[in-house]
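The values are calculated or read from the model by the stated rules, or taken from the named source; none is laboratory data. Computed from a predicted model, the values in this text were never measured in an experiment. Note that we place each Cβ from the backbone using ideal geometry, even for glycine, and neighbour counts take in every protein chain shown.
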Amino acid sequence: GHPEHDAEAGAPESEGAADLDALKASLAEKDKEIAELKDKYLRAVAEMDNTRKRLRQQSEDTIRLQRENLMREILPIVDNLERAVSAARAGGDGKSIVEGVEMVLRSMMDVLRAQGVTPIESVGQAFDPARHEAVDHVPSDTHAPNTVIQEFHRGYQAGDRILRTARVTVSKAAEAGRPGGEDGPSGVENR
């Protein structure tokens with residue numbers, strides 16, 4: 001061949017080899033970065049998983065401790081109820097038995113209050129389906145329609161949340177010419 005042609009061809013060849021080496025070095029550097037990032041990612045995922053497990057365990061432990069503490073508060077009330085039943089079986093006088101049961105009830109209400117549980121006032125209030133369950137509607141000319149006039153079992157709430165609705169009788173307008181009472185349209189006696 002021609003010597004000048006060979007010389008020109010040699011220069012780009014060595015330049016190409018240098019570029020290739022630079023690309024290989026750059027690629028190796030990128031591979032190393034990817035491996036480091038993958039390692040960091042896997043460590044972060046493992047850490048997150050461990051944190052999630054630890055939080056779940058802590059919350060289960062907290063719930064278990066709260067439940068145990070509540071049960072501990074209730075046990076003395078059970079003891080008092082057992083004493084009241086024993087006194088009743090032994091033929092104790094009715095007054096002291098009633099007083100004993102009232103004392104137990106007060107203790108139970110104290111435990112509920114300490115847990116943030118309060119009774120819902122119902123009688124005389126307007127019927128509210130979020131707080132009351134109507135089991136009967138009775139005609140009344142002494143109460144505005146839709147007023148709670150009797151409570152079968154009390155409702156309770158914990159803070160703003162309803163634990164149990166009250167079961168109640170609700171008034172409705174007295175029908176003209178048909179008095180409420182024993183023969184009233186509801187078929188329920190007024191007590």
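Details
- Those residues of region 131-161 which are more than 30 Å from Asn69 (Cβ to Cβ) and in a loop (DSSP other than H, G, I, E, B), in sequence order: Asp141, Thr142, His143, Ala144, Pro145, Asn146
- Residues of region 130-152 satisfying the condition of being surrounded by 14 or more Cβ atoms within 10 Å (Cβ to Cβ) and either among the charged types (D, E, K, R) or touching a His at 6+ places or on another chain (Cβ under 7 Å) (or both): Arg131, Glu133, Asp136, Val148, Ile149, Glu151
- Looking only at residues of region 86-117 that are among the polar types (S, T, N, Q) and surrounded by fewer than 15 Cβ atoms within 10 Å (Cβ to Cβ), we find that the one that is nearest to Glu151 (Cα to Cα) is Gln115.
- Single residue of region 60-81 satisfying the filter (of a type in the set (D, E, K, R) and farther than 14 Å from Ser107 by Cα) that is modelled with the lowest pLDDT: Arg67
- Filtered residues of region 117-128 (kept if in a loop (DSSP other than H, G, I, E, B) and in contact (Cβ under 8 Å) with a residue 24 or more places away in the chain): Ser122, Val123, Gly124, Phe127
- Lone unmet requirement of (1) free of Cβ contacts under 8 Å to residues at least 24 places away in the same chain; (2) in a helix (DSSP H, G or I); (3) not hydrophobic (A, V, I, L, M, F, W, C) for Asn80: (1)
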